[in-house]
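No value in this document is a laboratory result; all are computed from the given coordinates. Note that the structure is a prediction, hence the values are computed from the model and not measured. Note that each Cβ is placed from the backbone with ideal geometry, even for glycine, and that neighbours are counted across all protein chains shown.
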């Protein structure tokens, strides 16, 4: 008997597993599009540090964007779980296609497709339905994770129980799925009882129980909606970047997920319980709401594109990105549904003529459309001709799009081309001999080369703030002894923009600091994303690719920079060449200023260099590079030249220079700027006067991994160890290849080691200035590529990290209930707390020591 019971249990378990696997297979066949978009959203949240800063910014300064993000993900959740059902029917999964009657409802000329069951005994697969409804839940789970990930640095370094917080957050994300299981299982039981019953009394009793269940569910839905509204009011009025704010966001996300589940399960039953809420359960109205919402989103995105051109206010980039994802998904899903409808309408009339259950009267009656609106339904005998006309139009449009795509791909585009202006005959530029003459006047003290790492707006602002701090503490003497500024991407942007401020405001460090903060608060991410998926994308299609030369998202970003720095309002950049602008507005204003080396990377592996000092074309300074500041066919303006270094792949377009090629972010070759600095250093060594003067290389570094690398070197030196003992994380060959190829620190780390080595020469000094962070042990292990196996090394390293973290924590002084700082991330939009982090950490012991080292050299 015992073995028989065990066998029965095993059989039931195997049947359950088989049903789950079968249901998941049905779900997968119908939900691939939704899964693709959910994967993209997850990668965006997990892989882009920018996303974390965007959420903090919304919490601090843009609650409207935050609430609208919640609105978008709530509608997105419903749409993600709704449209796979049409693929489900189209693929005839669970024999669903022939058991449903399809209708066309014409609303303002727009066809809305809906359906009803033909056979009332048709049994749904509730397990497949569970998985489909879970598609919507996933976006809320991602949002739970997004909030946790954003707050994580504060949770883990604020002596809070991060594991407990993580556990409660995980529970909040799972509860709606458990509620969904219970609800669908209950509905499954009711369906089995009704389908299997023959006694009318029992059927009536089950239906009464089912009605009570619906009433309870609808009441719960209305209660949750009330809680959502109350919580939304609290968020708008009192949300802060704090632990309380964290829980408010997580609870609000949980309530939205719960509301979504109750809405999905009980929506169609609302009119059976509360007649005043018919508009919620009307399937036609439901689909109409999606369409209206999509139109509103499109109008918002159009506004965002226009706002860039006219410098209007923009909402948060996270909202803009979610809106683009929603529109892309909704458009594709509607097309998939549309083609399915054309296929089924072609054969439905013929099939239904053979079905005795369907008559013209029952066709209208079973539609679910109110009687007073049934005249808007497409008649049964017109379906075939409707499908034929629409199929012809759809085929013609599809063919046109394919042809247009081929023409667009093969046509030359000038959207991302940098404008080349004719050289002026009387252009005033500084040549190399004149610049050397100025350097010879400064040989009584060491001469400096400044290099700055890339890293988006984070690097841009950090570089400018460090320069301003050095200038302030050296009483303006530092730049008088600096030969050049060289950098990559955001770091080079910072050097270039500080050059403009240095020329305009001289040694007024307060005014410069205010302008740096003005740049820091600017919303560049929203501008870039709006145009990237909007106007710039459309203009890649022929013939739009011939409209509006040179004006892309990078151009408008540079217009914004120029307008902030120079108090301008024009949306057009000056045409003065890079060399002439630097000479007139920067060098001459101070009678001396470091030369600028704008670095970029050519697609064939060469470098592209804009150098502000004119030198003979037959004189090689920067090896394996194109001299872009002295083109044979003209010159490129200052701000557009600067933009060429900040062309991060995907987000920013490659800069096209006619007759010379395409150039991308300088980080693709050297993300530090040290390589060009060293090129210039070696060139100047040929001058017998300058080669005897001590040289100092200052490297401004902002990357988190760079700081981890610095801590590792410091730890090894302190503890006199040459190698960590680790258990390597096994990696697939392809993953290893990708990680190696995409790593931008290969050359910077080589150059850092190189300069540490050559600084043994008394004439060369190397001073790196790192942006400090608080670092966990697991981050060091991730950087090393494995888990530390030597217990003593683990203990010593944990003590070392706690000591170094305490130094940073002391400076940021962020122990209040409301957090005031946030660690910088790779971003094009910074939060107020990130800017405050810069201002506090720049006074840290690490930065102060390096600046003092510079001042000591200046006083020699």
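Summary of computed values
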{"item": "Pairwise label distance in nanometres, residue 550 with residue 761, each label 7 Å out on the Cα-Cβ vector", "result": "4.2"}
{"item": "Added length on full extension, which subtracts the Cα-Cα distance from 0.36 nm per residue, residue 735 to residue 569", "result": "55.0 nm"}
{"item": "Residue order, fewest to most surrounding Cβ atoms within 10 angstrom, among 309, 144", "result": "309, 144"}
{"item": "Proxy reagent accessibility, fewest Cβ within 10 Å first, across 247, 819", "result": "247, 819"}
{"item": "Segment 478-492-segment 558-622 distance, computed between alpha-carbon centres (Å)", "result": "12"}
{"item": "Ranked 709, 312, 143, criterion: other C-beta atoms within 10 Å, fewest first", "result": "312, 709, 143"}
{"item": "Alpha-carbon centroids, segment 760-800 and segment 140-162: separation in whole Å", "result": "24"}
